[in-house]
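Step one of this worksheet: look at the structure below.
Read-outs throughout are calculated quantities, based only on the coordinates presented, and are distinct from any laboratory measurement. Quick caveat: nothing in here was measured; it's all calculated off a predicted structure. A quick note on method: Cβ atoms are made from the backbone with ideal geometry, for glycine too, and the neighbour counts reach across all protein chains shown.
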Amino acid sequence: MLSNPGSTPGRNTEMTTAPSGSGTKGGGVRGWLKLPKRPSSTQEGPAGAVTVSGPSLEISPEDPALAYFQSSSGAVDISKLELDSPAVNQMREAGIVVAVPLISSGELIGLLNLGPRLSEAGYSSDDRQLLESLAGYAAPAMRVGQLVDQQAFEARNRERLDQELKVAQLIQQQFLPSSLPDLPSWHVAAFYRPARTVGGDFYDFITLPDERVMLVVGDVTDKGVPAALVMASTHSLLRSAAPRLTSPGKVLAQVNELLCEDIPAHMFVTCLILVLDPANGKVEYANAGHDLPYVRTSDGVVELRATGMPLGLMPGMAYEEKQYELRPGDCLLLHSDGLAEAHNPTREMFGFPRVAELVGRAESGEALIDLCLSELDRFTGPHHQQEDDITLVTLQRTGSLVAPGGPAFAAREDHLDGLLTEFEVASREGNEREALSRVADAVTDAGLSSDQLERLKTAVAETTMNAIEHGNRGKADIPVRISVRLIEGDVVVEVTDEGGGAMGEVTADPDIDLKLEGLQTPRGWGLFLIRNMVDEMQESTDGGRHTVRLKIRPEANSDVRRSDP
């Protein structure tokens, strides 16, 4: 506020500034320009001047007065201004006679507003020149003041954000497990590193009443305190539902229903639940939109796929449950997207294929975690700022696999009974070649002759191709499951699809001449070929899954089997 009757000839003079950071450059003014209203109180100032204070008026960014003041070269006579402007009308009501725009670096930062002169005479040209000169000195000083205010505001905002991050980290850390489960014949390892901005990662181990263990890994979208609070709520809901329901799919379904009622808009939770029976290595799992787990086996890396929507998006969701069996030496990795979705300086993503490749290289769970972190550091570079929380949980069944035919197999009962391999292939054309290759590798020491091996490979390829094309109808997201076992010395291969129906009966051996003459269906070659490649073929279906069971007896075991009573 300026008021000096000896030099500034106004009854009341007030300096009005735009908020810090506002102006007309680059797309208009952000914020408002405040102007004095009609005086609400008066008091005697120095040398008899009247100092006036009162509530402020505002000029909207859409008001044409804003552009007019921005382009004005000097003092503006408000009484003579012909402009259809709400702000100008309010200025007249407030008693403003002259307004001098304050321009700094071409940007309108405020107005110098004056009421009528104490002498009630008009403002002379000398008065206007004095005011314009004063505005030329006042505008830069006012701009400096605005910048100081802006810096102080940003400092307070940073302090508030830092405090919020500390609160979020405290909430998050309070809900992370303080210890790892101690399971005989199993080794569990976990790693958690929060990002600077704090996401909503969490993991947990919940002991169930039937002595199974539930492993949980999740991630809340968004960051800061809201994400931490949603994480805490999700964690509590999971802890409450797990002992009562025990089923991973049912637990996710109930938590989803409860979250949908209260979760903030635009937020959701991805979550993976895996229930382990430590006695036999069998796991049941369900997935609510979380990153897929990877399992390192003696035959390669396997993805554990299950479908389901993230929690909190839509009510009434069902979550698919699947089963898997971890064998001695297998190592399972549960992880959050802070690993796979990290970027290097060129914005290349670390990627899920790279994670899967690392899973196949590490010999133990702890070694896998160390390998993932070292490779991530190498990929992102020394000055990388972590983008998201990183959570890694490994579960390894201790012991090591012995090649088929080795001591571990010889010690088994029932003439080398046991699972040799189990895997899945996507329902894509050409994946039958991968299936036959992996089966052939698994039965290398099972005693098959070269002729038997070639016949088994042909049968497996034909059966897998049929499962891909007809059972799963070429849908890549539906896998074909293949297992290879030794049962009483026989090699047994099972190929399972989601078709639910049988491949069909062959009522007569295919005959090329009859087929060409149209007297026999063109179908039937595949089934005929499969049955003639193996010693025995069986089909079964439970209405949802269809399984073809192929059995071939190694020549070395044929005489022994025939001599059995």
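Assuming 1.306 mPa s and 10 °C, estimate D for segment 175-397 with Stokes-Einstein, Rh taken as the Kirkwood radius over Cα pairs, in µm²/s.
90
Can you give the FRET efficiency to the nearest 0.05 for Arg327 and Asp477, using r as the Cβ-Cβ distance and R₀ = 30 Å? Before the final figure, lay out the partial values.
Working: r = 26 Å, r/R0 = 0.85.
Taking R0 as 30 Å, the efficiency between Arg327 and Asp477 is 0.70.
Determine the distance separating the Cα centre of segment 424-466 from the Cα centre of segment 300-329; give it in Å without decimals.
So the two Cα centres are separated by 27 Å.
State the Cα centre-to-centre distance between segment 199-217 and segment 97-135 in whole Å.
71
Which distance in nm do the two modelled labels at Ser185 and Leu245 give, with both placed 7 Å along the Cα-to-Cβ direction?
Once both label points are built, they end up 3.0 nm from each other.
Is the shape of segment 130-222 rounded, prolate or oblate, going by the alpha carbon gyration tensor and its root eigenvalues a ≥ b ≥ c, with a/c under 1.5 for rounded and a/b larger than b/c for prolate?
Prolate is the answer for segment 130-222, as a/c is 1.5 or above and a/b outweighs b/c.
Taking a label point 7 Å from the Cα of Arg354 along the Cα→Cβ vector, which residues of segment 310-341 have an amide N closer than 12 Å to it?
Taking a point 7 Å out along Cα→Cβ of Arg354, the residues of segment 310-341 whose backbone N falls under 12 Å are 339-341.
Fully extended, how many nm does the chain gain between Glu303 and Arg193 (0.36 nm per residue separation, minus their Cα-Cα distance)?
37.2 nm
What's the magnitude of the charge dipole for segment 175-397 around its Cα centre, counting Lys and Arg as +1 and Asp and Glu as -1 at the beta-carbon? Answer in Debye, nearest 20.
It comes to approximately 80 debye.
To the nearest 0.05, what FRET efficiency results for Leu419 and Glu164 with a Förster distance of 60 Å applied to their C-beta separation? Numbers along the way, then the final one.
Numbers: r = 52 Å, r/R0 = 0.86.
My answer for the efficiency is 0.70.
Quick one: what are the phi-derived ³J(HN,Hα) couplings along segment 277-292, Karplus 6.51/-1.76/1.60 with θ = phi - 60°, whole Hz, x for glycine and proline?
Computed from phi, the couplings for segment 277-292 are 9, x, 5, 10, x, 7, 10, 10, 9, 9, 9, 9, x, 8, 4, 5 Hz.
Among Leu371, Leu259, which comes first, then next, by fewest other beta-carbon atoms within 10 Å?
Numbers: Leu371 16, Leu259 22.
Sorted ascending by nearby Cβ count, the order is Leu371, Leu259.
Run the simple label-point estimate for Glu320 and Arg361 please: 7 Å along Cα→C-beta, distance reported in nm.
Calculated label separation equals 3.1 nm.
Give Lys250/Lys322; Lys282/Lys457; Lys250/Lys282; Lys282/Lys551; Lys475/Lys551 a once-over and call out the pairs whose C-alpha atoms are over 20 Å from each other. Could you put the intermediate results ahead of the total?
Values: Lys250/Lys322 13 Å; Lys282/Lys457 29 Å; Lys250/Lys282 18 Å; Lys282/Lys551 25 Å; Lys475/Lys551 28 Å.
Beyond 20 Å: Lys282/Lys457; Lys282/Lys551; Lys475/Lys551.
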